[in-house]
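The values are calculated or read from the model by the stated rules, or taken from the named source; none is laboratory data. These numbers were taken from a predicted model, which means no experiment stands behind them. FYI the Cβ positions are ideal-geometry reconstructions off the backbone, even for glycines, and counts take in every protein chain you see.
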Amino acid sequence: MSGFRTAFVTIASTLLIAVAGAVVPAPAAAASLVEVTGFGNNPGGMRMHIYVPDTRPANPAIVVAMHGCGGSGPGFYSGSEFASLANRYGFLVIYPSAQQQAGFGNCFDTWSDAAKRRGGGSDPVSIVSMVTYAEQRYGGDPNRVFATGSSSGGMMTNEMLALYPDVFKAGAAFMGVPFNCFANAADFPPWTSKCTGGSMNRTPQQWGDAVRQAYPGYTGTRPRVQLWHGTADTLVPYSLLQEEIEQWTNVFGLSQTPTSTDTPQSNWNRRRYADGSGTVRVEAYSIPGAGHSLPTTGMAAVAIAFFGLTG
């Protein structure tokens, strides 16, 4: 076990260095990343940074962009393309910084009982407070709030869509896991996890029930979901992409058979699941040969387009 853990930390550290320095430089604009303190109820003890582009509409959309384990909001800001896209399309970007340890540091809490219940506490409540702050301070549009993230941030993306479907209109999860995949804190680290151990397999109904039970009685529109995973991911197994697909298609009452498949870019295999009106509710990208290294160049722009922010 100790060897696996050492290997995981080494790989994760290498990934963080690569992501922090390889995707895009910080946006060349007068706007800058600003830390916000006292943003509201913060049971997760999280830090909040926000990027507000100089040019934006009176009521800009809000994108919550979440880092992987061992990372930070400022690190994800400088190592991803969301801020440069914000400059182009005029939306706000919130970059939360997780403080939970879970065996190796700065991971979003997707395992505790509190984090699995709407209003239960921990990181999800803190993130909603950040959204409310952005709405009140910068006139953010409550009808255009979106979530995205990588690895632990991708896991939290699914979490927020399940717990707060009335807050988030869509999400894009990179290398995530289904909502309620982790049993508890002991199940989170990959070297002990049943969720990420490579054999997790529940029925679509079971996965869908987990989401429905997170906010009992909710009858409103569910947020649309975009999912990304590399086929060679050894930290968060590629097989979990199928479990995510099963969860969200069941929530939407859709068939497990995609309504269309295509390759929108070289080496990006996409499955789309549309409802009876033709609206794509779930879409999933398989990236052949990719490891635990998403998003790579161009993927953030596809996520933003899925949110409807490029029109």
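If I filter segment 173-196 for residues that are outside any helix (DSSP H, G or I), in contact with a Pro (Cβ under 6 Å, 6 or more places away or on another chain) and of a type in the set (Lys, Arg), do I get at least one hit?
no
Please indicate, with yes or no, whether at least one residue in segment 57-70 is surrounded by 18 or more Cβ atoms within 10 Å (Cβ to Cβ), over 24 Å from Val167 (Cα atoms) and small (Gly, Ala, Ser). Steps first, please.
Of all residues in segment 57-70, those surrounded by 18 or more Cβ atoms within 10 Å (Cβ to Cβ) come to 60-70.
Cutting the leftovers down to over 24 Å from Val167 (Cα atoms) gives us 69-70.
Now drop any that are not small (Gly, Ala, Ser), which leaves 70.
Yes, there is a match, as at least one residue in segment 57-70 is surrounded by 18 or more Cβ atoms within 10 Å (Cβ to Cβ), over 24 Å from Val167 (Cα atoms) and small (Gly, Ala, Ser).
Mind checking which residues of segment 69-80 are among the hydrophobic types (A, V, I, L, M, F, W, C) and either touching a helix residue (DSSP H, G or I) at 6+ places or on another chain (Cβ under 6 Å) or without any contact (Cβ under 8 Å) to a residue 24 or more places away in the chain (or both)?
The first filter runs over segment 69-80 and keeps only residues among the hydrophobic types (A, V, I, L, M, F, W, C), leaving 69, 76.
Of everything in segment 69-80, just one residue is among the hydrophobic types (A, V, I, L, M, F, W, C) and either touching a helix residue (DSSP H, G or I) at 6+ places or on another chain (Cβ under 6 Å) or without any contact (Cβ under 8 Å) to a residue 24 or more places away in the chain (or both), namely Cys69.
Regarding segment 217-236, can at least one residue be identified that is surrounded by fewer than 20 Cβ atoms within 10 Å (Cβ to Cβ), hydroxyl-bearing (Ser, Thr, Tyr), assigned to a helix (DSSP H, G or I) and touching a residue at least 12 places away in the same chain (Cβ under 8 Å)?
Taking every residue of segment 217-236 in turn, none turns out to be surrounded by fewer than 20 Cβ atoms within 10 Å (Cβ to Cβ), hydroxyl-bearing (Ser, Thr, Tyr), assigned to a helix (DSSP H, G or I) and touching a residue at least 12 places away in the same chain (Cβ under 8 Å).
Hey, can you tell me all the residues within segment 188-207 that are buried (at least 16 other Cβ atoms within 10 Å of the Cβ) and in contact with a Ser or Thr (Cβ under 8 Å, 6 or more places away or on another chain)?
Phe188, Pro190, Met200, Pro204 - these are the residues of segment 188-207 that are buried (at least 16 other Cβ atoms within 10 Å of the Cβ) and in contact with a Ser or Thr (Cβ under 8 Å, 6 or more places away or on another chain).
Take the residues of segment 229-244 that are over 13 Å from Ser151 (Cβ atoms) and of a type in the set (D, E, K, R): which is nearest to the chain's Cα centre (by Cα)?
Of the residues in segment 229-244, the ones over 13 Å from Ser151 (Cβ atoms) are 231-232, 238-239, 241-244.
Then keep just the ones that are of a type in the set (D, E, K, R); that gives 243-244.
Working: Glu243: 16, Glu244: 12 Å.
Among those residues, the one meeting the criterion is Glu244.
Scan segment 179-194 for residues that are free of Cβ contacts under 8 Å to residues at least 40 places away in the same chain and either within 16 Å of Ile245 (Cα to Cα) or of a type in the set (A, V, I, L, M, F, W, C) (or both) and report the count.
Step one: list which residues in segment 179-194 are free of Cβ contacts under 8 Å to residues at least 40 places away in the same chain, which gives 186, 193-194.
From what is left, the residues that are either within 16 Å of Ile245 (Cα to Cα) or of a type in the set (A, V, I, L, M, F, W, C) (or both) are 186.
Total satisfying the criteria: 1.
Please pick out the residue among Thr263, Thr249 that is part of a strand (DSSP E or B) and over 17 Å from the mean Cα position of the chain (by Cα). Outline the logic, then answer.
Numbers: Thr249 fails: part of a strand (DSSP E or B).
Thr263 is the lone residue from the list that is part of a strand (DSSP E or B) and over 17 Å from the mean Cα position of the chain (by Cα).
Name the one entry in Ala65, Ala83 that is touching a residue at least 12 places away in the same chain (Cβ under 8 Å), closer than 17 Å to Tyr133 by Cβ and either outside any loop (DSSP other than H, G, I, E, B) or touching an Asp or Glu at 6+ places or on another chain (Cβ under 9 Å) (or both). If you could, list the steps in order and put the result at the bottom.
Working: Ala83 fails: closer than 17 Å to Tyr133 by Cβ.
Exactly one residue qualifies, and that residue is Ala65.
If you check Gly120 against the conditions, is it part of a loop (DSSP other than H, G, I, E, B) and touching a helix residue (DSSP H, G or I) at 6+ places or on another chain (Cβ under 7 Å)?
Details: part of a loop (DSSP other than H, G, I, E, B): yes; touching a helix residue (DSSP H, G or I) at 6+ places or on another chain (Cβ under 7 Å): yes.
Criteria met by Gly120.
Any chance segment 93-102 includes a residue that's in a loop (DSSP other than H, G, I, E, B), over 17 Å from the mean Cα position of the chain (by Cα) and modelled with pLDDT under 95? Steps first, answer last, please.
Of segment 93-102, the ones in a loop (DSSP other than H, G, I, E, B) are 98-99, 101-102.
Checking the rest, the ones that are also over 17 Å from the mean Cα position of the chain (by Cα) come to 101-102.
If we keep only those that are modelled with pLDDT under 95 as well, we get 101-102.
Within segment 93-102, one or more residues are in a loop (DSSP other than H, G, I, E, B), over 17 Å from the mean Cα position of the chain (by Cα) and modelled with pLDDT under 95.
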